[in-house]
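S.K.: Provided herewith is a single structure, encoded as structure tokens, for subsequent inquiry.
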Amino acid sequence: MSYAALVKHYRTLFHLGHVDAMVSWDEGTMMPIGGGDARGEALSALRGVIHQQATHEKLSGLFAAAAKEAAALSPWQQANLRLMERDWVRATALPRGLVEAMSRAQSRSEQAWRKLGPDNDFAGFLPFFREVVGLKREAAQTLGDKLALSPYDALLDEYESGARAASIAPLFARLRAFLPGLIAKAVEQQSREPVTACEGPFPVDRQHWLVLELMRRLGFDFDHGRVDAAPHPFCSCVPTDVRIAVHYDVDDYINAMMGVVHEAGHAKYQQNLPNDWLDQPVGAARSTNLHESQSLLHEMQVGRSRAFLQFVAPIIAEAFPAAVARGREAFNPENLFLRLTRVNPGVIRRNADEATYPCHIILRFEIEKGLIDGSLRPEDVPEAWDVSMREMLGLPTRGNDRDGCLQDVHWPAGMFGYFPTYTLGALIAAQMFDAVKRAHPKVNEQIRRGEFHVLDGWLREHVWSHGSLWGSMELVERATGSALSTEAFEQHLERRYVLRES
Ligand code: CO
């Protein structure tokens with residue numbers, strides 16, 4: 001049977017991906033510096049094999065034959081077949097010459113950006129940027145032709161199958177109208193809310209204790225994962241073995257702590273995927289948006305709520321007795337709440353808070369869409385950036401491209417279509433947590449007591465156990481009872497930043 005042969009083939013690909021993930025984790029955490037060159041060669045050989053398997057010539061015939069068997073397959077098998085075929089179409093869509101040209105141009109442009117970005121030299125970067133955008137447009141056009149999508153939609157579709165600019169644009173337009181007023185109110189109100197700063201140092205071993213304790217309380221399964229220190233935070237995972245890397249800063253523990261609350265959301269999604277399908281495409285986490293919705297539900301909806309901070313404050317105090325002795329005030333739950341819900345409009349996306357973050361994303365969505373559909377030229381990006389920044393956050397970036405369009409690695413590295421996932425994830429997280437509260441009105445009291453099993457039960461039933469069976473918009477609608485909108489997110493921001501309720 002052709003479907004059975006495909007299952008076997010994609011199982012092998014899954015195993016190879018497993019090895020890639022573990023070897024990459026080792027490279028980022030444990031590998032001594034001298035191992036770097038040979039490791040690079042080894043990984044590139046492995047990825048060559050993965051590419052060969054993903055584009056194997058026998059696949060074309062197998063998919064044609066399997067299409068005839070589809071009617072006899074179960075819904076899970078049918079979804080699996082569709083996902084395998086989608087992977088294969090993507091893997092084979094672009095001519096080899098174009099893939100290689102893109103890879104060279106992107107690595108040149110990323111290297112140039114590493115120097116020219118900090119130098120604030122947009123003019124110097126422009127030739128590299130033009131080349132990357134030009135090749136990406138060509139790739140998007142080719143992909144779009146194969147997938148019957150517009151070029152930009154073909155790029156979006158890579159991170160979220162089914163995502164379309166036409167459905168994202170109205171959501172973002174609503175936020176664009178709503179956010180500036182909310183941000184102004186919050187900033188005005190918070191000018192009368194003093195926050196007590198904490199005083200370090202916060203020893204790394206105590207931070208690591210705090211992080212492990214939090215992960216344990218949040219329900220991270222240590223039989224199927226580990227948490228280690230690394231120079232850069234990341235998560236490299238397969239469902240049965242989730243590796244989380246945390247960066248510790250001895251002057252402040254907050255980023256490490258909130259970072260693992262975020263990663264806990266990603267990790268629990270991975271660890272609770274449907275057991276029977278783990279080695280098949282349909283058993284994988286659905287999409288980047290949905291993954292980010294799980295981490296943002298943990299970090300933002302839950303992690304910055306008063307209830308959660310009341311739960312976590314005594315654990316923080318236990319982790320850092322010396323710092324508490326220097327100033328108890330900084331560690332009380334209300335002070336933590338004021339600190340973690342501070343709204344502070346700035347030009348740098350990475351430092352943005354929950355309320356201003358979507359502004360950074362909306363601006364990037366509009367600009368990258370224009371670059372790919374050809375309505376905006378690369379040389380006009382700094383101007384477009386400055387106009388949007390002033391409109392949404394009241395902050396000019398003219399002449400300061402370092403802190404404007406040169407601040408992120410994504411575009412220099414050829415990543416277009418990825419940015420919207422952050423904000424779509426935030427919208428989904430708000431809508432899901434709203435549904436959880438309707439189904440379980442006592443969930444905040446449970447969180448205050450450090451009990452997460454009811455929350456986890458809801459997420460397992462409505463999200464995690466479904467793997468990639470449905471598209472994420474369909475999953476959101478089934479889970480929450482309505483199509484994705486900005487309503488729950490807006491209400492959440494009002495409650496938290498204007499009414500100061502939760
Ligand atoms: Co994340």
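S.K.: Among rounded, prolate and oblate, which fits segment 449-491 when a ≥ b ≥ c are the square roots of the eigenvalues of its C-alpha gyration tensor, a/c under 1.5 means rounded, and a/b larger than b/c means prolate? Mind showing how you got there, number by number?
M.R.: Values: a/c = 3.09, a/b = 1.18, b/c = 2.62.
Note, shape of segment 449-491 comes out oblate.
S.K.: Can you give me the long-range amide H partners of ALA229? Hydrogens built in the peptide plane at 1.01 Å from N, cutoff under 5 Å, separation of 5 or more residues or another chain.
M.R.: Sorted by chain and number, the residues that satisfy this are VAL246.
S.K.: Could you work out how much longer the chain between ARG449 and ASN275 gets when fully extended? Use 0.36 nm per residue separation minus the Cα distance between them, nm to one decimal.
M.R.: Details: separation 174, 0.36 × 174 = 62.64 nm, distance 3.00 nm.
Length gained between ARG449 and ASN275: 59.6 nm.
S.K.: How large is log10 I(q)/I(0) at q = 0.06, 0.09 Å⁻¹ when the Debye formula is applied to the Cα atoms of the chain, each weighted equally and without solvent?
M.R.: Once normalised to I(0) and log-transformed, intensities are -0.29, -0.68.
S.K.: Here's something else I'd like to know. Starting from the Cα of ILE315, move 7 Å in the Cα-to-Cβ direction to define the label point; list residues of segment 447-470 whose amide nitrogen is under 20 Å from there.
M.R.: 447-460
S.K.: Quick one: Karplus J couplings for segment 78-90, per residue in order, coefficients 6.51, -1.76, 1.60, θ = phi - 60°, nearest Hz, x for Gly and Pro?
M.R.: Once θ is set to phi - 60°, the couplings for segment 78-90 become 5, 4, 4, 4, 4, 5, 4, 5, 4, 4, 5, 4, 4 Hz.
S.K.: Shifting gears a bit: Which residues among segment 409-437 fall inside the zone where the amide N is under 14 Å from a point 7 Å beyond the Cα of ARG350, along Cα→Cβ?
M.R.: Flagged as within label range: 409-411.
S.K.: Okay, moving on. Please list 3J(HN,Hα) in residue order for segment 6-22, calculated via the Karplus relation 6.51 cos²θ - 1.76 cosθ + 1.60 where θ = phi - 60°; whole Hz, with x for glycine and proline.
M.R.: 5, 4, 5, 5, 6, 5, 4, 4, 4, 4, 5, x, 4, 4, 4, 4, 6
S.K.: Could you name the lysines in cross-link range of LYS437, using Cα to Cα under 20 Å and dropping any fewer than eight places away on the same chain?
M.R.: Once the sequence-local lysines are set aside, what remains near LYS437 is LYS268.
S.K.: State the Cα centre-to-centre distance between segment 1-53 and segment 319-371 in whole Å.
M.R.: 36
S.K.: Okay, moving on. Please find the FRET efficiency linking THR142 to HIS51, where r is the Cβ-Cβ separation and R0 is fixed at 22 Å, and quote it to the nearest 0.05.
M.R.: Values: r = 17 Å, r/R0 = 0.79.
Once the sixth-power term is evaluated, E becomes 0.80.
S.K.: Pick out, from LEU297, ASN332, GLY399, the residue whose Cα sits farthest towards the positive end of the charge dipole of the chain, with +1 on the Cβ of Lys and Arg and -1 on the Cβ of Asp and Glu.
M.R.: Checked the options; the winner is LEU297.
S.K.: Which of the peptides 411-420, 350-359 is most tightly packed, and how do the rest follow, judged by the mean count of other Cβ atoms within 10 Å per residue? Mind showing how you got there, number by number?
M.R.: Values: 411-420: 21.5, 350-359: 19.2.
Result, highest mean Cβ count within 10 Å first: 411-420, 350-359.
S.K.: So if I place +1 on the C-beta of Lys and Arg and -1 on the C-beta of Asp and Glu, and nothing else carries charge, what would the dipole magnitude of segment 192-315 be about its Cα centre? I want it in debye, nearest 20.
M.R.: Values: 10 positive and 16 negative charges, 74 e Å.
Roughly 360 debye, rounded to the nearest 20.
S.K.: Once R0 is set to 35 Å, what does the formula 1/(1 + (r/R0)^6) return for the Cβ-Cβ distance between PHE14 and ARG495, expressed as a FRET efficiency to the nearest 0.05? Kindly include the intermediate steps, with their values, before the conclusion.
M.R.: Values: r = 42 Å, r/R0 = 1.20.
That pair, PHE14 with ARG495, gives E of 0.25.
S.K.: Quick one: pull the percentage of alpha-carbon pairs in segment 52-173 with a separation above 24 Å.
M.R.: Numbers: 3480 of 7381 pairs.
Roughly 47 percent, rounded to a whole number.
S.K.: Roughly how many whole Å is it from the C-alpha centroid of segment 240-267 to that of segment 142-209?
M.R.: Result: 19 Å between the Cα centres.
S.K.: Set the Förster radius R0 to 35 Å, insert the Cβ-Cβ distance between ARG174 and ALA91 as r into 1/(1 + (r/R0)^6), and round the FRET efficiency to 0.05.
M.R.: Details: r = 36 Å, r/R0 = 1.03.
The value I calculate is 0.45.
S.K.: Once phi is turned into ³J(HN,Hα) by the Karplus curve 6.51 cos²θ - 1.76 cosθ + 1.60 with θ = phi - 60°, what whole-Hz value does each residue of segment 408-425 show in order, with x for glycine and proline?
M.R.: Going residue by residue, I get 10, 7, 3, 5, x, 8, x, 8, 10, x, 8, 3, x, 4, 4, 7, 4, x Hz, with x marking Gly and Pro.
S.K.: If you don't mind, there's one more thing I want to ask. Would you calculate, for the chain, the mean residue ellipticity at 222 nm contributed by helices, counting each DSSP H stretch of 4 or more residues as -39,500 (n - 2.57) and dividing by all residues, to the nearest 500?
M.R.: On the way: 21 runs with 311 residues, N = 502.
It comes out at -20000 deg cm²/dmol, rounded to the nearest 500.
Every read-out reported here was derived from the displayed coordinates using simple, explicitly stated rules and does not represent laboratory data. Not measured: the values here are computed from a predicted model. Cβ: placed from backbone, ideal geometry, glycine included. Neighbour counts: every protein chain shown.
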